[in-house]
Structures are given as C-alpha cells and as structure tokens.
Amino acid sequence: MGWLIDTSLWIAVERGALAAADIHAITRQDPVYLSPVNVAEIRFGLELLRAGAQKQRATAMLRRLRRKPQLRITVETSETFGILAAKLEKAGRDPHVRVNDLWLAAQAIQRDFQLLTSNAKDFADVPGLQVVVCGCSEVAVALEAMLHDRASSCAGLESRPRRIDELLLPAGWSVAQRPWSPSR
C-alpha cells in the first residue's frame, strides 16, 4: 500500500500549519509519493508570485518536494483518468473543473493507493478512490488565505506546527472506500 498526498497538505506542511510528523502518523510506514500533479500545482502558484522572499521560499519548497519518490503518469493512468471523467460526466457532474484532482485520483486508483487530503469535497464523488480525510480546520484556513493571496490572514495561526489530533474536527479523519476498479 502507498499514499498520495493532495497538494493542499504539502503546502500546509511547508507553511507550518501542519507538521510532517502528523502526515507520518497517518501514513505510518507506508511509502508516500509525489505526483507530477503536485509539482504542476505548486509550480503554477510559484509562477504567479512576484520576485521576493515568498517566491524564494516557495522555490525552496518545490526543490525539497522534488526529492520525494515520484510517480509517473502512464498510459494506464490516462485510461483510468478517462474512465473516471466519463463516470462523473454520466452522473451529471462536471469533471472539467477539477482536472488536477482527477489526475491524482487516477494515479491513486491505478496503484491501489490511498489519497490523503484536507479537501473531502474535492474527492467525495470519485468512484473507487480510497480517501483519507484530514479534517484540519486550521489547514483549510491557511490554504484559503494562500489561494487568495491573503497571507496576512494567517497571522492568527500559532507559529508552531500543531499535532494532527489537536487540529482534527470532532469526527477526526475517516477512510472512505468505494468498490470500483478501472477494469469494470
């Protein structure tokens, strides 16, 4: 078994909203992989930043992340992606607005990996995906601020990384498994 980590959590760890040890507490000894999708999403954000300290930190973050074991997007991944997108389209949901999430999901499904995310709604309706939801409300606040380029709104967060059990919503994290495979 292996893990893919949603880009939002990689960013949360780098911003100090979540400790790397918290991710490890969930993934345990299972291998954790970086997706080209993670790199693309981080690179996109990096390219939108103006020159300065924030861009330098983001560049250093990307360099550190690239040291992680990386998965390739293969022909099989592409077929899984196509099947997922078609299933969502047939179910009346627009797969075009969440292409990157579907690529992550396709990689996880293809390899029978679990996907760790703080954005449950992004993956809730993806058939066959094993999702582990980290219900980290402070992570969501930090990411919302980052995505809207309002870094100042993160000032209220504690400066120390907090343990995941301090951040979890009352329901904690959960595993949602849906029986499905691309061969069906």
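The values are calculated or read from the model by the stated rules, or taken from the named source; none is laboratory data. Just so it is clear, the model here is predicted, and its values are computed rather than measured. Glycine gets a Cβ as well: all are built from the backbone with ideal geometry, and neighbour counts include every protein chain shown.
The C-beta contact set for the range 84-104 (first residue within 18 Å of Glu41 (Cβ to Cβ), second residue outside any helix (DSSP H, G or I) and among the charged types (D, E, K, R), distance under 9 angstrom, 6+ apart or interchain) comprises Asp101/Asp6; Leu104/Asp6.
Of the helices (runs of 4 or more DSSP H) lying entirely inside the range 26-112, those carrying at least 1 residues that are at pLDDT below 95 and farther than 23 Å from Val132 by Cα are 36-48, 53-65, 75-90. Consider the range 78-133 and keep the residues that are among the β-branched types (Val, Ile, Thr) and over 12 Å from the mean Cα position of the chain (by Cα). The one that is surrounded by the fewest Cβ atoms within 10 Å (Cβ to Cβ) is Val97.
Filtered by the rule that a residue be in a helix (DSSP H, G or I) and either touching a residue at least 12 places away in the same chain (Cβ under 8 Å) or touching a Phe, Trp or Tyr at 6+ places or on another chain (Cβ under 8 Å) (or both), the range 113-124 gives Ala120, Asp122, Phe123. Within this structure, Ala12 passes the test of being of a type in the set (Gly, Ala, Ser), touching a strand residue (DSSP E or B) at 6+ places or on another chain (Cβ under 9 Å) and assigned to a helix (DSSP H, G or I). Of all residues in the range 65-81, those that are within 30 Å of Arg15 (Cα to Cα) have Cβ atoms under 8 Å from Cβ atoms of residues that are assigned to a helix (DSSP H, G or I) and polar (S, T, N, Q), 6 or more apart or on another chain, in Leu65/Asn38; Leu71/Gln107; Ile73/Gln107.
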